[in-house]
Structures are given as structure tokens and as C-alpha cells.
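For reference, the structure is listed below as C-alpha cells.
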Amino acid sequence: MEAAHTEAADARAEQAGAPDTGAAAHAGAAHADAGAADTGAAHADAGPSRPAATARLTVHSPDEMREFGRALAGLLRPGDLVMLTGELGAGKTTLTRGLGDGLGVRGAVTSPTFVIARVHPSLVGGPALVHVDAYRLGGGLDEMEDLDLDVSLPDSVVVVEWGEGKVEELTEDRLHVVIDRVVGATDDDRRVVTLTGLGTRWEGVDLAQR
């Protein structure tokens with residue numbers, strides 16, 4: 001099992017050629033609308049938790065995705081688990097970069113694929129950001145005990161890419177973020193982001209507030 005890095009290393013794009021970062025498109029206001037959970041929606045959350053809060057918005061560029069992450073960071077607190085779902089190039093790492101910006105952590109946030117997990121300590125006295133790629137975690141986050149992370153997970157914000165179906169048993173309180181490409185032209189940077197807060201932690205939280 002590879003050891004976790006505390007600083008970004010071996011940076012690589014989430015997918016070669018994918019418009020995940022660096023777009024110069026103007027970040028416009030996202031169009032968010034909160035509503036009741038859609039029981040027929042795709043990407044249903046596993047586990048016994050019931051949706052406590054939901055929101056859906058459209059993001060128009062990588063810059064706007066990062067800005068959305070900065071805003072979302074303002075809702076997070078130590079012990080939170082954020083599960084990111086989306087195909088390669090959807091914008092999961094770009095969103096996590098924004099979370100890192102908003103949390104005020106050290107080190108550039110990059111795809112953690114080569115090291116499975118990276119720890120970004122806070123520079124402002126807040127929670128550390130633990131960025132995990134669960135693609136190769138066959139046993140889920142139980143395997144994180146073997147990663148020798150120099151951080152307390154209950155005192156950190158844990159963001160897991162490719163975690164659906166693997167990490168739900170870690171806690172009933174989690175935020176599931178699903179990023180879907182807009183159907184159509186392949187050069188369209190728009191993404192539809194669906195947020196579902198599960199468990200008592202997210203009761204009464206306005207996920208659409210930006």
C-alpha cells in the first residue's frame with residue numbers, strides 16, 4: 001500500500017485532454033434550485049440514510065466549478081465526508097481544488113491516483129483536507145488504516161473520488177456530489193451538479209446557497 005503524501009506530487013490531469021482545469025471562461029452565476037429528493041434519479045445513494053437536503057445547479061466552465069468548490073467549502077466542518085461521483089474529466093478534481101482554496105489548505109490539489117490519498121494541512125487553523133482516490137480501494141476506506149495518514153480523520157474534511165459503493169458504511173452522514181456532463185457537443189464545458197446531503201448532519205442545510 002502506498003504511503004499518503006502531505007504535499008502534491010506526481011501531478012497529473014484527471015484525464016489527458018479533458019477540460020478539467022485551466023479554462024479561461026468567465027465564471028457566471030450558477031443556477032441552483034433546491035428541492036425534494038427525486039426518488040427516481042440516477043446515482044441513488046446506497047446505505048440506510050435518507051436525503052436530508054438536495055440541490056441541483058449548472059456549472060458553465062472549469063473556473064466556475066472551482067469557484068463553486070470555494071463556496072461549498074464554507075458549508076463543511078471537521079468530520080465531514082464528501083463523496084464525488086462523475087466520469088473521467090467531469091471535474092471532480094477541479095471541484096476539490098476549489099474546496100482546498102476555500103478551506104485554506106497547503107499544497108496544490110491534484111488527482112491522487114498514484115498515491116491513493118493526500119493530506120493537505122490547514123494554513124488557517126481549520127480542518128485538514130484528505131483527498132482520496134477510492135478507485136483502487138477494493139475494501140473501501142477500511143484500507144485507509146494501512147495508509148499511515150498523519151492526520152485524524154474525525155478532525156478533517158475527507159473528499160473521496162470514485163467512492164460510490166465503497167465508503168457509504170463509513171458514516172451515515174455524508175454529502176454526495178454527482179457531476180454529469182451536459183449531453184451534446186464534446187467541447188461543451190457545462191456540467192450539471194447534483195448535491196445530496198444524507199444523515200442528520202445535513203438536516204436544514206441549504207445546499208443551494210452560494
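The values are calculated or read from the model by the stated rules, or taken from the named source; none is laboratory data. None of these values were measured; they are calculated from a predicted model. All accessible areas refer to the heavy atoms of the entire protein, side chains included, with ligands and DNA or RNA removed. Shrake-Rupley method; radii C 1.70, N 1.55, O 1.52, S 1.80 Å.
Ser152 contributes about 50 Å² of solvent-accessible surface, heavy atoms of the protein only, 1.4 Å probe.
For Asp187, the solvent-accessible surface with a 1.4 Å probe is about 120 Å², rounded to the nearest 10.
Computed with a 1.4 Å probe on the full set of protein chains, the accessible area for His60 sits at about 70 Å².
Computed on protein heavy atoms with a 1.4 Å probe, the accessible areas place Leu76, Leu137 in the order Leu76, Leu137, largest first.
Of the accessible area of region 59-121, computed with a 1.4 Å probe over protein heavy atoms only, carbon and sulfur atoms account for 51 percent.
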